[in-house]
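The values are calculated or read from the model by the stated rules, or taken from the named source; none is laboratory data. Treat the numbers as computed from the prediction; the structure is a model and nothing was measured. Every residue, glycine as well, gets a Cβ built from its backbone with ideal geometry; the counts of neighbours run over all protein chains shown. Surface accessibility is based on the protein's heavy atoms, side chains included, excluding ligands, DNA and RNA. Shrake-Rupley method; radii C 1.70, N 1.55, O 1.52, S 1.80 Å.
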Amino acid sequence: MLALTLRGLAARKLRTALTATSIVLGVALVSGTFILTDTINRSFDRIFAQASSGYDVAITPREAVKADNVETPPISERLVPRAQAVPGVRRAIGEVFTEAVIYDKQGKRLSTHAPNFVASTSPPPFDPFRYVKGHPPTGPGQVALDQHTASAKGFRLGDRVAISGRAPLRRFRVVGIAKYGKVDSLAGASVAVLTLPEAQRVAGEVGQVDGVDVITQPGVRPETVVRRLRAALPSSVTVRTAKAQAAQQARDIKDSFKFLTTALLAFAGIALFVGGFMIFNTFSITVAQRMREFAMLRTLGASRRQVLRSVVAEALLVGFGASVVGLLAGLGLAPGLNGLFKLFGGALPQEGVVFAPRTAVVSLVVGTVLTVVSSLVPALRATRVPPIAALREGAVLPPGRGRRWRAPIALGLVAIGVAILVAGLIGGGSGGKVAGLLGAGAVIVFLGVGLLSSQLVRPLASAVGRPLERLTGLTGRLARENAIRNPGRTAVTAAALMIGLALVTFVTIFAAGTRGSVDDAIGETFHSDLVIQNTNNFGTFSGSVDDAVAQVPGVEFATPMLTGASKVNGVAGNSDVVGLDPRLGSRVFTVNWKQGSQRTLAGLGPRDAVADKGWADGHRLRVGEAIHVLTPSSKRITLTIRGLYRDRLDFGSDYIVPAATLVADYGIRDDQFSLVKLRPGADPGRVKAAVDRLIDTRFPDVVAHTIQGFKDNQAKQINQLLGLIYVLLSLSVIVSLFGIVNTLALSIHERTRELGMLRAIGTSRRQVRSIVRYESVITALIGAVLGMALGVCFAAIISRPLASQGFTLKFPIATLVLLLVLAALAGVVAAIGPARRAARLNVLEALAYE
C-alpha cells in the first residue's frame, strides 16, 4: 500500500504541489518568525554582554512603576563618590544614556521610528564603544556617532551634526565613528556620544546621571560589593552585578519584542487555518474521483483499514514534505521580515542565524498534524463505499453519517463561538487572555459557518450568479449551475476565502470606526487652536517649547499636557495619569463631566485629582475619597478625588492631576502635547507660520498642527497600521486563491467528458474559458459575501463594549464594495490556469475519457 501511495503522489504532481502550497506558506511564516526573533534575542544578549564587560557592578534608578510611557528618573551624581567610598570598590563613574534627537544633513530628524540616544564618554575599560575611525569626544563641541548612522546618513569625520534634547538644538563636530560592542548599531537606533557634562546638558540632567558603573578591587567578588553598595546607598537605586544587569536589559528588550512574535504567529495561524480548509476540500475531491480505484483495491482484497491508511499516509507524506520545505523557506523569510523593519527605520541586530531545535519541531509538527487532521474525514468516507457499488459507472460517495446533524451542530458552534467572544470582551483579565478568547471564539464561529455554508451556496450562487447570467448569457448560466452542482465542495472552497475576507472586513470597519471616533473625540476634547507634538507622533519633548511658543506674537498661551503611569493601592496593574495646568489647561481641554465641571478642573490643588468614572466605578472610588499612589520617582502620595468624568478614547487616562504635581512628584519632565491658544483677533495662518519658523530653528523635533491637522495625523497613523495588517492578512487570501485554483483544476479533471461534449456540440474555446472563469468568480463572491457578513458581525460584537469609551462603529461602504470587486478579480486570476487547461482539451480524447 505504501508503494501504491507513492506512485499515486507521483502521478498527481500538480495536485500534490497545490495542496502542499498552503502548508508551505503557513509553516514558512512560523519558521521565519522563530528564526528572526531567536536571532534578535541572541544578538541582544551579546550586545549587552559586550557592553557590560568593562565593569563589574551597575547602579541604576529603581523602577517603581514599569510602563512604556514612563521614563525612570535619573539619580544624583553625588552617589558616585558615595559608591567610590564603599570597601571593595576600585573605581566608580557616572554615565548618561538617554533619548534625544539627532538630525541629518538636511536638518530632519534621522528617523521617526527608531530611537535616538545621547551617551556620555567613559574611560577604558568602562567604555562600550569601539572606535573604528577618529577618537572619543574630548570637548563640548565634539561628538562621535555609531557606525550605522554614519554610514546610512553619510556623516564623515569633520562634518557637523545637530542634536537636541531637553536643551535647544546645537551643532557638534564629528570626531569619531564607533561600534557598540561588535555591532554597528543598537537595534537600528542612532547614538551620539558626548562628553559627560555636555550629555548632561543636552539631556537636561545637570548634576544627575542615568547610572553608575563600578569596577571592584582585585580579589573581591562582585556579589560582595553588591551587598555593601545596597547597604550604603538609598533604596531609590537598584544594585546588580554587571552580568545580572546585562541579562535584565536583554530581558526587557526581549519582552518588548514579544508582541512581534505573537502577531506574526497569529497571522501564520490564520494562513494555516485557511490551508486546512483547502486540504480538506482537495482530499474530498480526490477521494471522490478515486472511488473506483479504492473499490478495485477492496475487490482485490484490501481492507478498509488499508484504504484508510493509504489516504492518511498520502496526507502524512504531503504534510511532512510541505513542512520541510516551509521550514527551509523560513530561513529565507526571516531576513525578508527584517527587511520590512528596515523599511520602517528599525534595523534589528542579527549576528548570524539562530536555528533552534524548537523551530524545527514546532514547524514540522504543526504542518504535518494539520494536513493529516484535515484529511481524516475524506479518508474515512473513502472506506465506506461498497466495492461493487463503487465499480459501477457514475457511482458517487454516500452522504456522511452525520449529515442530518450538520445544521444543528453548525448553529451550536456559532452560538458557542459568539459566547466565547462576548466572554473575552466583558470578562476582563490580561491582554493575552482576552486575545486568546477572541481568537478561539473566532475560530469556532468560522468552523460553524463553514459547516453551515453548504446550505447557503444555492441562494448565494443565485444572488451573485443571476446578474452575471444576465450579462453573459449561457456561459454565465452554466457557470452558476456548475457552482451549485456540488454545494459542499463549493462551500468549503468559498469558506477558505471567507476567513481572509472576514478578517479584512473586520479590520477595515474597525479602522474606519477608530478614525471617526478619534475625530469626534479630538473635536470634543481639544479646544486649543494648535496642538504641538513630537514629530515621531508618540515621543515626548522638552517643556521649554511651551515658554518659547508663548512668546510668539498672537499667542495667548501654550500649556503642557503630560502623561505618565502610577500604581494606586487596591488597583491591579498600572493606572495612567494626565497632568494639566488647572487654570490654562481647563480652558483648552474638556471632558464629559458626570460629577463636577470645568471649574472643578480649574480649581485642582497639588493633592487633588479628577478621575474617569469607569475607572473609579471599577474600583469603588467616589468623589471625596482618597487614593494612595506610588509614583515613578518612588514617592508615595495621597490624592483626593474632586470630580468624575467620562473619557473618550482614553485622552484623559484614568485620572488627571495638576501638571506641577506630575513634575514634582512623578518625575515626569517632558510634554506629550502642548496646547496653544491664540489671542482673540489673531490671524491663525500668520501665527502658525511664526510658530513653525520658531520650531524649525530651535525645536525641529516637534511639529505644530491645527486641530484638523492633528485629526489628519492621527488618521495617517491608523492607515499605516491598517496597511501593515493588510499585508500580513494577504497571505491567508493567497492561500485561499490556491484553494480555488486547486478545486477548479480537479473539477475540470472530473468533468473532462462533459467539457469534450460541450466542445463537440459547438462551444468555442473562449466560451469554455469563460465558463470556468465565471464559476471561479461566483465561488470567490460567495466567499466574499460570507466573509463580509461575518466581518460586519465581528465588528458589531467587538465594538459594543467600546461604545462606553467613545467608540463609534462606522461602515466604509465604498471600501467594502471595492473589496467585493477585488474578490471577483481574484476569482478571475485564480481561474487563468484551469480555464486554459479546460479550453485546450482534445475533443476526441475528452469524449473517450473515463
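So, taking all protein chains as they sit and a 1.4 Å probe, how much accessible area belongs to Met757, in Å² rounded to tens?
My reading of the accessible area for Met757 is about 100 Å².
Mind checking which aspartates and glutamates have their C-alpha under 17 Å from Lys105, skipping anything on the same chain fewer than 8 residues away?
Asp146, Asp159, Asp696, Asp701
Along Cα→Cβ, 7 Å out, is where each label goes; now give me the distance between the ones at Arg599 and Lys108 in nm to one decimal.
Here the answer is 5.1 nm between the modelled labels.
Would you list, by chain and number, the lysines whose Cα falls below 25 Å from the Cα of Lys594, excluding same-chain residues fewer than 8 positions away?
Leaving aside lysines fewer than 8 places away in the same chain, those within reach of Lys594 are Lys567, Lys613.
Could you work out how far the C-alpha centroid of segment 589-625 sits from that of segment 644-706, in angstrom?
Here the answer is 21 Å between Cα centres.
If packing is taken as the mean number of other Cβ atoms within 10 Å per residue, what is the order of 515-527, 571-583, highest first?
Details: 515-527: 17.9, 571-583: 19.8.
Going from most to least packed, we get 571-583, 515-527.
With a ≥ b ≥ c taken as the square roots of the eigenvalues of the C-alpha gyration tensor of segment 146-212, please select rounded if a/c is under 1.5 and otherwise prolate if a/b is larger than b/c or oblate if it is not?
Verdict is oblate for segment 146-212.
So how strong a dipole does segment 50-203 carry about its Cα centre when Lys and Arg Cβ are +1 and Asp and Glu Cβ are -1, to the nearest 20 debye?
420
For the charge dipole of the chain, defined by +1 on Lys and Arg C-beta atoms and -1 on Asp and Glu C-beta atoms about the Cα centroid, which residue among Val311, Ala100, Val545 has the Cα displaced farthest towards the positive pole?
Val311
Counting Lys and Arg as +1 and Asp and Glu as -1, each charge on the Cβ, what is the dipole of segment 604-689 about the Cα centre in debye, to the nearest 20?
220
List, in the order given, every pair from Lys66/Lys254; Lys66/Lys108; Lys243/Lys433; Lys108/Lys716 whose Cα-Cα distance in the structure shown is over 26 Å. Mind dumping the intermediate values first?
Details: Lys66/Lys254 15 Å; Lys66/Lys108 31 Å; Lys243/Lys433 33 Å; Lys108/Lys716 20 Å.
Cα-Cα > 26 Å for Lys66/Lys108; Lys243/Lys433; rest within.
Can you bin the chain into rounded, prolate or oblate? Criterion: square roots of the alpha carbon gyration tensor eigenvalues sorted a ≥ b ≥ c, rounded for a/c under 1.5, prolate for a/b above b/c, oblate for the rest.
Prolate shape, in that a/c is at least 1.5 and a/b is the bigger ratio.
Starting from the Kirkwood Rh over alpha-carbon pairs, what translational D in µm² s⁻¹ does segment 199-342 have by Stokes-Einstein at 4 °C and 1.567 mPa s?
Calculated translational D: 58 µm²/s.
Would you mind pulling out the separation of the Cα centroids of segment 741-786 and segment 193-232, in Å?
About 75 Å separates the Cα centre of segment 741-786 from the one of segment 193-232.
If you count only protein heavy atoms and use a 1.4 Å probe, how large is the accessible surface of Lys258, to the nearest 10 Å²?
It works out to around 120 Å².
So what is the 222 nm mean residue ellipticity for the chain from helices alone, if each DSSP H run of at least 4 adds -39500 (n - 2.57) and you divide by all residues, rounding to the nearest 500 deg cm²/dmol?
On the way: 28 runs with 489 residues, N = 850.
Rounded to the nearest 500, it is -19500 deg cm²/dmol.
Please work out how much accessible surface Leu370 shows to a 1.4 Å probe, ignoring ligands, DNA and RNA, in Å² rounded to 10.
Its heavy atoms expose roughly 40 Å² to the probe.
How much length is gained on full extension from Arg171 to Ala407, taking 0.36 nm per residue of separation minus their Cα-Cα distance?
Contour length minus the Cα-Cα distance gives 77.7 nm.
Kindly point out which whole DSSP H helices in the chain project their C-alpha atoms 18 angstrom or further along the helix axis while averaging a Kyte-Doolittle hydropathy of -1.0 or above. Each step should come with its number before you reach the end.
Working: long enough: 13-51 (54 Å, 0.72); 242-256 (21 Å, -1.14); 258-289 (46 Å, 1.53); 304-343 (55 Å, 1.10); 357-382 (37 Å, 1.43); 406-426 (30 Å, 2.26); 431-472 (51 Å, 1.00); 487-525 (53 Å, 0.91); 684-698 (21 Å, -0.45); 707-750 (63 Å, 0.87); 765-799 (50 Å, 1.16); 813-830 (26 Å, 2.89).
Qualifying helices, which must be both long enough and hydrophobic enough, are 13-51, 258-289, 304-343, 357-382, 406-426, 431-472, 487-525, 684-698, 707-750, 765-799, 813-830.
Express the carbon and sulfur contribution to the solvent-accessible surface of segment 146-266 as a percent, rounded to the nearest whole number, probe 1.4 angstrom.
52
Place a +1 charge on the Cβ of each Lys and Arg in the chain and a -1 charge on the Cβ of each Asp and Glu, then give the dipole magnitude about the Cα centre in debye, rounded to the nearest 20.
I would put it at about 2900 debye.
With unit charges on the beta carbons (Lys and Arg positive, Asp and Glu negative) and the dipole taken about the Cα centre of the chain, which residue among Val588, Ala329, Ala419 sits farthest to the positive side?
Toward the positive end, the furthest listed residue is Ala329.
Please give me the summed charge of the neighbours of Ala461: other residues whose Cβ is under 13 Å from its Cβ, Lys and Arg +1, Asp and Glu -1.
With Lys, Arg at +1 and Asp, Glu at -1, the net is +3.
Which shape class, rounded, prolate or oblate, goes with segment 760-828 when its Cα gyration tensor gives a ≥ b ≥ c as root eigenvalues, a/c under 1.5 marks rounded, and past that a/b bigger than b/c marks prolate?
In terms of gyration-tensor shape, prolate.
Quick one: ranking Trp405, Trp593, Trp615 by accessible area, 1.4 Å probe, largest first, what do you get? Numbers along the way, then the final one.
Numbers: Trp405 140, Trp593 45, Trp615 20 Å².
Ranking Trp405, Trp593, Trp615 by accessible area, largest first, yields Trp405, Trp593, Trp615.
Using bins 10 angstrom wide from zero, how does P(r) for segment 12-86 break down, in % of all Cα pairs?
Per 10 Å bin, starting at 0, the Cα pair percentages come out as 13, 19, 26, 15, 11, 9, 5, 2.
Between Ala831, Gly275, Gly723, whose Cα lies farthest towards the positive end of the dipole of the chain when Lys and Arg beta carbons carry +1 and Asp and Glu beta carbons carry -1, centred on the Cα centre?
Farthest towards the positive end: Ala831.
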